[in-house]
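The values are calculated or read from the model by the stated rules, or taken from the named source; none is laboratory data. Values in this document were obtained by computation on a predicted structure and should not be read as measured data. Virtual Cβ from ideal backbone geometry, glycine too; neighbours counted across all protein chains shown.
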């Protein structure tokens, strides 16, 4: 790498470190450390949480997917666009969860079910989370080793992981969720700009005809241009996208990798609006994850690049693990076709993605262990200092675990498949438990226990069977079938089983109803935070049907309706296009024309949204610091659930007016 590339990387690190240090003075309580004292606005949450969710592992997983599928994945991912936008527009789960004012998911589960269940789910969620998190450092470290040209040795692998984790730990320790949200926002702004710049540079380097010629050289039934000619695709087929869409709906907000963001919004309405904005934010990310591997595929397969591509192929061939070869193909190819300066920008993007993702996950899983496994056994609350020290110690423990796990674990399938099956250890049962707990007053504690046990048991069994089969293949037909299924299918079976069990056990139990109003702070149990948000004006029946409530001001309605129309347009295109392709034999040339218009249109929208979200986030950032300077801290707001004489929801501490938000 050129010195210009290293200068870009160092500049980013220095800036982030300085910003993180600045946030230290604002972290004065447990609520500050865990939830930024619930002072974050919609744009700040949208950009920062988006950065936290991306991660270097997510980018590389996306590179894997698109290198295998080309443009076809974009079409089938419209199914997920419909589901995720439905979640965002309706406030599915996120709105009601924010109403509970719980600091973690398991705290809500104690309120809804029982303390023992909180401990069980807290421990199970933590185990699932840290195992799922376990390969994150390894994937990020491999990127930097192969992209920056470091020696591929075990010692170098360990050193790179350690250095990267130290930076993520520093940001988490210095200011908790406040530092995490601010640095993630800064990284999010940088990466959004970098996405646009890199996409433009790459599209200028590769001619459209070169891309189409390369993607056309595939076997019949494995097209990378025609979504309806992919019947021979083994893993990333239509069933993968349908299961992924179901997973999004089923486990929305259940996965606690970014739990600090789930509770950081000023109020439930801002949390919902932040999710709605995500519909627009992901445009540049999705285009980036598609264009880079598509161009890498072109580089590796087109005759115009044969000589240079062979050098990249030799490096890829030197990697012993076949699955790691697939992970690093796009990464290694990029090193040979990106110009200097842009190489540094790409490395800085991956560094920002690594730190932004890791500091968030370290914060989440470390906090969950203390909040949901340790604290329920305490009769007397910790002091603020004790509590903060324990949180940091737990976060350090998570960092040590994932470092060791990454050194020892051998990957045998695609990243997406590993993430789905390990995540299902918790979400397999938790999806049914959370949805039932928030929306069904008949859901029982016995049903929650049953669903969690069934969901987690099936997920763990599937993962163990696959690992054993890799070394000692099964001869039994049932075991062989389970071992042959990918992580997506196994996670779906676990989730479906948990739903059936939760409903059945609840219906067999007592017919007593849970007090939902008390849990959600509605009616006579409402607090000022929510009361001040509701408009006195009545909402029309059309607005009510599409999900607009009295909390929406004029700007909110414009944003909501535009998102509703945009999503509806793409759903109409998807449904019409799918039906038409089943009825008519659509030629590949027609799809080539579609992708030729889709790509520049998305790029233009990406530029617009990058400017929009940067300005909105900066305004929210200023408001958050202003609130943190004036808000009154409540030492009792630490996540403990005890008798009503402990006023955790002190109205004086949460009197946040709408004027401070918009």
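Tally time: how many residues in segment 465-483 are surrounded by fewer than 11 Cβ atoms within 10 Å (Cβ to Cβ) and closer than 15 Å to residue 422 by Cα?
Selection size over segment 465-483: 0.
Provide a single number: the residues in segment 487-505 that are farther than 14 Å from residue 429 by Cα and surrounded by 22 or more Cβ atoms within 10 Å (Cβ to Cβ).
Residues in segment 487-505 being farther than 14 Å from residue 429 by Cα and surrounded by 22 or more Cβ atoms within 10 Å (Cβ to Cβ): 2 in total.
Before we move on, is residue 187 surrounded by fewer than 22 Cβ atoms within 10 Å (Cβ to Cβ), touching a residue at least 40 places away in the same chain (Cβ under 8 Å) and in contact with a helix residue (DSSP H, G or I) (Cβ under 9 Å, 6 or more places away or on another chain)?
no
Out of curiosity, is residue 185 under 30 Å from residue 26 (Cβ atoms), under 19 Å from the mean Cα position of the chain (by Cα) and in a helix (DSSP H, G or I)?
yes
Output the residues belonging to segment 432-473 that are modelled with pLDDT of 80 or more, part of a loop (DSSP other than H, G, I, E, B) and farther than 27 Å from residue 105 by Cβ.
Once the filter is applied, which keeps residues that are modelled with pLDDT of 80 or more, part of a loop (DSSP other than H, G, I, E, B) and farther than 27 Å from residue 105 by Cβ, segment 432-473 yields only 473.
Could you tell me which numbered condition residue 89 fails, if it satisfies all but one of (1) within 19 Å of the chain's Cα centre (by Cα); (2) surrounded by 21 or more Cβ atoms within 10 Å (Cβ to Cβ)?
So the condition that residue 89 fails would be (2).
One residue is enough: does segment 382-391 have a residue meeting the conditions in contact (Cβ under 8 Å) with a residue 24 or more places away in the chain and either closer than 30 Å to residue 244 by Cβ or outside any helix (DSSP H, G or I) (or both)?
yes
This table checks each residue for (1) assigned to a helix (DSSP H, G or I); (2) in contact with a helix residue (DSSP H, G or I) (Cβ under 7 Å, 6 or more places away or on another chain); (3) at negative phi; (4) surrounded by fewer than 20 Cβ atoms within 10 Å (Cβ to Cβ).
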site	(1), (2), (3), (4)
155	yes, no, yes, yes
161	yes, yes, yes, no
176	yes, yes, no, no
180	yes, yes, yes, no
192	yes, yes, yes, no
213	yes, no, yes, yes
220	no, no, yes, yes
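Test of understanding: among 171, 136, which residue is within 19 Å of residue 11 (Cβ to Cβ) and surrounded by 21 or more Cβ atoms within 10 Å (Cβ to Cβ)?
The conditions single out 171.
Looking at (1) in contact (Cβ under 8 Å) with a residue 40 or more places away in the chain; (2) within 20 Å of residue 421 (Cα to Cα); (3) not in a helix (DSSP H, G or I), can you tell me which one residue 513 breaks?
(2)
Considering (1) farther than 24 Å from residue 180 by Cα; (2) part of a helix (DSSP H, G or I), say which one residue 396 fails and leave the rest.
(1)
Of everything in segment 348-389 that's modelled with pLDDT of 85 or more and surrounded by fewer than 18 Cβ atoms within 10 Å (Cβ to Cβ), which residue is nearest to the chain's Cα centre (by Cα)?
Restricting to residues being modelled with pLDDT of 85 or more and surrounded by fewer than 18 Cβ atoms within 10 Å (Cβ to Cβ), the top hit is 389.
Determine whether segment 254-266 contains at least one residue that is modelled with pLDDT of 80 or more, outside any loop (DSSP other than H, G, I, E, B) and surrounded by 19 or more Cβ atoms within 10 Å (Cβ to Cβ).
Yes; the residues of segment 254-266 include at least one that is modelled with pLDDT of 80 or more, outside any loop (DSSP other than H, G, I, E, B) and surrounded by 19 or more Cβ atoms within 10 Å (Cβ to Cβ).
Could you count how many residues in segment 321-331 are touching a helix residue (DSSP H, G or I) at 6+ places or on another chain (Cβ under 7 Å) and surrounded by fewer than 22 Cβ atoms within 10 Å (Cβ to Cβ)?
Count: 3.
Within segment 74-97, can one find any residue that is touching a strand residue (DSSP E or B) at 6+ places or on another chain (Cβ under 7 Å), assigned to a helix (DSSP H, G or I) and closer than 27 Å to residue 388 by Cα?
Among the residues of segment 74-97, not one is touching a strand residue (DSSP E or B) at 6+ places or on another chain (Cβ under 7 Å), assigned to a helix (DSSP H, G or I) and closer than 27 Å to residue 388 by Cα, which makes the answer no.
With respect to residue 438, determine if the residue is within 17 Å of residue 363 (Cα to Cα) and either buried (at least 17 other Cβ atoms within 10 Å of the Cβ) or in contact with a helix residue (DSSP H, G or I) (Cβ under 8 Å, 6 or more places away or on another chain) (or both).
Considered against the rule, which asks whether it is within 17 Å of residue 363 (Cα to Cα) and either buried (at least 17 other Cβ atoms within 10 Å of the Cβ) or in contact with a helix residue (DSSP H, G or I) (Cβ under 8 Å, 6 or more places away or on another chain) (or both), residue 438 comes out as no.
I'd like the full set of residues that are more than 23 Å from the chain's Cα centre (by Cα), part of a helix (DSSP H, G or I) and touching a residue at least 24 places away in the same chain (Cβ under 8 Å), limited to segment 324-345.
If the condition is that a residue be more than 23 Å from the chain's Cα centre (by Cα), part of a helix (DSSP H, G or I) and touching a residue at least 24 places away in the same chain (Cβ under 8 Å), then 329, 332, 333, 334, 335, 336, 337, 342, 343, 344 are the ones that fit.
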